[in-house]
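Okay, so here's the structure we're looking at.
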Amino acid sequence: MFRHLSAVWTARHFLLALVKLDLRLRYKRSVLGIGWSLLHPIAMTVVFTVVFSQLFGDGNPVGYAAFALAGLAVWGFLRDAATLGSKAFLMNEAYIRQSPMPYTIYTLRTVLGQALHSCMALAVVVVLLVVWKGDIGVFVGLALALPGLLLALIAAWAVATIGAFITAFFHDMAHMLEVGAQIGFFLTPIMYRRSILDSRGLGWLVDINPANLYLSVIRDPLLAGMPTGDGLAHLGHLYLSAIAVTAVLVALATGVVGWLHKKVIFHL
Amino acid sequence: MAKIELQNVSVTFNAYQQKRVSLKEYLTNRLFLNSKNPPLRVRALEDINLSARDGDRIGVIGHNGAGKSTLLKTLAGIYPPTLGTREVEGKICSLFDITLGFEFEATGWDNILYRAYLQGETPSSIRGKVDEIAAFSELGDFLNIAVRNYSAGMQMRLAFSIATAINPEVLLVDEVLAVGDLAFLQKAKARMRELMGSARVMVMVAHDLEAVTEMCTSVIWMRHGRIVAQGPPQEIVDRYTAAAMALPPVEPPQPEEMPSPESPAPAETPVLEPTPQHQAA
């Protein structure tokens, strides 16, 4: 695995140049350009806040807006990294046929691009919270959420890599992931709080949902700001679970790469 | 020191007659119906032994579909050997499929960077070469616009200029390089000769037997994925020519399962990027 990672490091210039290109091309020929990365989740959040803040929120529309926007940003990243990442080998076939670079740089290309895109929406959350709360606790929360972002990035890379290898052999995989993501959106407490499910005895649905772990380790500290003792203990617990799940995903991805990397080129 | 070492290398893979495998195929295969789309076992290379050190210039000859391009791709590390070991030391420059992998929405300048990075350059090492690549391609202001606006010839010019700008230790060349118009072709040929002279090890796939005899120190004759003979250029070329004159045209090797009669015959033009099926045939 370390040899593989060092090969990825060697290819970093190629990788970063393409990530930069993807960001530039995302909104090619649009007047607002990169502004759409911000406007889209903000518009969604405004709509959700108007419609759902009374239903799911605690009566404070600004608090609910930050909650929903952070949820949408993290979920959007996990969804797009998995669904678009699983098509990475098909999209980058020309490079794969030309150069013996490690295949995982092509999934990382997608994952990094999506991560930067989602970070812009998270930056809006931070600004919103700073304006709303007006204290430096927000930055403490942000610092506590950063390792969560890194874990989500690694997990998304692993899932995208597994998905991309399977998609090369079984093209239906990409569509299955899209349907799964649609279902996952409603099963994950993105727009509603998990207490709603807990009160109906459905908390286990959240407990078995790994996407919720990454959502929680990023969103919870960000919204909580300056942490309390109990909050820190809870966050520590969440982090341990997220690290364990990430380790399992990385192990699975390593296994899939080892198993299929010699065969995949003949199936593209 | 640059070196190439292939030991007992075989490349085999399964290909399907139809690219898409249907759900019915998945469900019925191996259960109670015979598959209409059985996997074909393709033996693209079999038991190849090849060794080259500094100064070696190896020519690879053989009929279409003999496995020459597969051999080059295996040397380049793109096709992993199914059996055997591959060892290549030195910076590799592969001159095949060079027009693949343009970012069509990006400008010519940007594509110079992407492809140079793909070939292992770094921002500092490429800095001095970008202008030289641009000058060699003679594309001028066209480099400022997106590559999707380029003609095929212009893409080829740019691709060739970038691919040949690095100083390779191991040079892998597929002879089929149709590079732009006549004037550029002359320039490209001169650059190729220069590259071939400077590379430490070269493996060249060629149909031009004269060029092979002139430029190579040793020649490999391939047939059906195997090496038939290897030795001094003139001797092997003579044997190959005699065999080609004496025998009826060589039938391409067939995969182990025969394609159904309605499936189209694979194309055999060497300029096409071969799909695995094409390579097998």
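Answer yes if at least one residue in segment A:89-103 is more than 14 Å from chain B (Cβ to nearest Cβ), touching a residue at least 24 places away in the same chain (Cβ under 8 Å) and in contact with a Phe, Trp or Tyr (Cβ under 9 Å, 6 or more places away or on another chain), and no otherwise. Among the residues of segment A:89-103, not one is more than 14 Å from chain B (Cβ to nearest Cβ), touching a residue at least 24 places away in the same chain (Cβ under 8 Å) and in contact with a Phe, Trp or Tyr (Cβ under 9 Å, 6 or more places away or on another chain), which makes the answer no. Set side by side, the residues B:Ala206, B:Ala229, B:Ala242 differ, and just one is out of contact with any Gly (no Cβ under 7 Å at 6 or more places or on another chain) and either loosely packed, with under 13 Cβ neighbours inside 10 Å or in contact (Cβ under 8 Å) with a residue 40 or more places away in the chain (or both), which is B:Ala242. If I filter segment B:105-113 for residues that are in contact with a strand residue (DSSP E or B) (Cβ under 7 Å, 6 or more places away or on another chain), within 13 Å of chain A (Cβ to nearest Cβ) and part of a loop (DSSP other than H, G, I, E, B), do I get at least one hit? Yes: segment B:105-113 contains one or more residues that are in contact with a strand residue (DSSP E or B) (Cβ under 7 Å, 6 or more places away or on another chain), within 13 Å of chain A (Cβ to nearest Cβ) and part of a loop (DSSP other than H, G, I, E, B). Restricting A:His261, A:His234 to those that are in contact with an Asp or Glu (Cβ under 9 Å, 6 or more places away or on another chain) and either at negative phi or among the hydroxyl-bearing types (Ser, Thr, Tyr) (or both) reduces the list to A:His234. Close contacts from segment A:257-268, counting a first residue that is modelled with pLDDT of 85 or more and a second that is part of a helix (DSSP H, G or I) and among the polar types (S, T, N, Q), with Cβ to Cβ under 7 Å and a gap of 6+ residues or different chains, come to A:Val257/A:Thr104; A:Val257/A:Thr161.
In the condition set (1) part of a helix (DSSP H, G or I); (2) away from every other protein chain (no Cβ under 14 Å); (3) modelled with pLDDT under 90, A:Thr254 is compliant with all but (3).
Could you tell me whether segment A:181-191 includes any residue that is farther than 19 Å from A:Asp80 by Cβ, at pLDDT below 90 and either more than 15 Å from the chain's Cα centre (by Cα) or surrounded by fewer than 13 Cβ atoms within 10 Å (Cβ to Cβ) (or both)? Checked against the condition, which is being farther than 19 Å from A:Asp80 by Cβ, at pLDDT below 90 and either more than 15 Å from the chain's Cα centre (by Cα) or surrounded by fewer than 13 Cβ atoms within 10 Å (Cβ to Cβ) (or both), segment A:181-191 yields no hits at all.
So, restricting to strands (runs of 3 or more DSSP E) that lie completely within segment B:1-81, which ones have at least 3 residues that are at pLDDT below 90 and within 14 Å of another protein chain (Cβ to nearest Cβ)? It would help to see each step written out before you state the result.
Details: elements: B:3-16, B:39-52, B:57-62.
Counting at least 3 such residues, we get B:3-16, B:39-52.
Name the residues in segment A:196-209 that are surrounded by 12 or more Cβ atoms within 10 Å (Cβ to Cβ) and more than 18 Å from A:Val74 (Cα to Cα), would you? Selection gives A:Ile196, A:Leu197, A:Asp198, A:Leu202, A:Gly203, A:Leu205.
I'd like the full set of residues that are in contact (Cβ under 8 Å) with a residue 24 or more places away in the chain and part of a helix (DSSP H, G or I), limited to segment B:191-203. First the steps, then the outcome.
Narrowing segment B:191-203 to residues in contact (Cβ under 8 Å) with a residue 24 or more places away in the chain: B:191-192, B:195-196, B:198-203.
Across segment B:191-203, the qualifying residues are B:Arg191, B:Met192, B:Leu195, B:Met196, B:Ser198.
Answer yes if at least one residue in segment B:158-165 is β-branched (Val, Ile, Thr) and either in contact (Cβ under 8 Å) with a residue 60 or more places away in the chain or in a helix (DSSP H, G or I) (or both), and no otherwise. Scanning segment B:158-165 turns up at least one residue that is β-branched (Val, Ile, Thr) and either in contact (Cβ under 8 Å) with a residue 60 or more places away in the chain or in a helix (DSSP H, G or I) (or both). Of all positions in segment B:83-104, none carries a residue that is more than 13 Å from B:Thr164 (Cα to Cα), at the interface with chain A (Cβ under 8 Å from one of its Cβ atoms), surrounded by 19 or more Cβ atoms within 10 Å (Cβ to Cβ) and among the hydroxyl-bearing types (Ser, Thr, Tyr).
How do the helices (runs of 4 or more DSSP H) wholly within segment A:2-57 filter down when requiring 2 or more residues that are surrounded by 12 or more Cβ atoms within 10 Å (Cβ to Cβ), within 11 Å of chain B (Cβ to nearest Cβ) and under 23 Å from the mean Cα position of the chain (by Cα): which remain? Even if it seems obvious, please write down each step before you answer.
On the way: elements: A:2-10, A:12-26, A:35-56.
Per the criteria, A:12-26.
The values are calculated or read from the model by the stated rules, or taken from the named source; none is laboratory data. From a predicted model like this one, the values you see are computed outputs, not experimental measurements. Here Cβ is always computed from backbone atoms with ideal geometry, including for glycine, and neighbour counts include all displayed protein chains.
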